[in-house]
Amino acid sequence: MPDLHYSDSTAEIHKVVVGPYENNVFVLRCKQTGDAVLLDAANEHELLLEMCRDLGVRMVLETHGHHDHIQAVPAVRDAGYEVYVAAEDADMLPSYDNLIEDDHVFEIGKLRLRTIHTPGHTPGSMSFYLEGHPILFSGDTLFPGGPGNTSFDHADFDTIIESIDRKMFTLPKDTLVLPGHGLDTTIGNERPSLDEWIERGW
């Protein structure tokens, strides 16, 4: 079952780890209104649908189109939840409802979740920054210790480095980074290692 991963006066984030690739799935919920959004319908659709019902989820946002992040998409759509994905990754999904544009704000109750197009892992990789809170959902773009895998087709190391440097490392150093797999980190923890990542090439 999900755990309450983060909470402050206005927002709460629930996290569950699903599937063979141990994907992190997050639900961001507005405490004032009860409205919520699911990030990545990755796997174990029955569990995710239960979370959606229990936590007031209104829509599903995909960080990118890789198969381990989208296995539950048909089930959540069949249950009536609209699925959003960036245009560049849309053809990776079996189905979807709406496209995500860069620098768009999703209003989740009283919360404002801003999209940041961070290509490199995939062409349509999207990160989500919770305005007014030190929270960044980074998908598979940034992890503790470096960028996401760029050995896939249509992935590019120089592009992901540019995304991280110009769009993530400009955020406050205390920003909590919630990646698509594994443990949290912060912008301040990772920023000093950028040159090291560039030198090693992955």
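Summary of computed values
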read-out: Pairwise centroid distance, computed over Cα atoms, of region 1-70 with region 115-170, Å; value: 19 Å
read-out: Debye, to nearest 20: dipole size of the chain, +1 on Lys, Arg Cβ, -1 on Asp, Glu Cβ; value: 640 debye
read-out: Region 52-134, dipole about Cα centre (Lys/Arg Cβ +1, Asp/Glu Cβ -1), debye to the nearest 20; value: 360 debye
read-out: Eligible aspartates and glutamates near K167 by straight Cα distance, threshold 17 Å, same-chain separation 8 or greater; value: E101, D102, D103, E131, D140, D156, D158, E190, D195
read-out: The chain: angle of helix 45-55 to the longest principal axis, Cα-based, in degrees nearest 10; value: 70 degrees
read-out: Alpha-carbon Rg/Rh ratio, for region 128-193, with Rh computed the Kirkwood way; value: 0.95
read-out: Hypothetical label at D158: residues of region 164-202 whose amide nitrogen lies under 16 Å (7 Å Cα-Cβ projection); value: 164-166, 198-202
read-out: Residue among L194, S95, V25 farthest towards the positive dipole end of the chain, charges placed on Cβ; value: V25
read-out: Rg ratio (alpha-carbon, reference 2.2 N^0.38 Å) - the chain; value: 0.94
read-out: Order of I70, I198 - criterion: other Cβ atoms within 10 Å of each residue's Cβ, fewest first; value: I198, I70
read-out: Cα→Cβ-extended label distance, 7 Å offset, between W202 and D78, nm; value: 3.8 nm
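Each reported figure results from applying straightforward, stated rules to the coordinates on display, with no laboratory input. Here the structure is a predicted model, which means the values were calculated and not measured. Because the Cβ atoms are built from the backbone with ideal geometry, glycine has one as well, and the counts that use them run over all protein chains shown.
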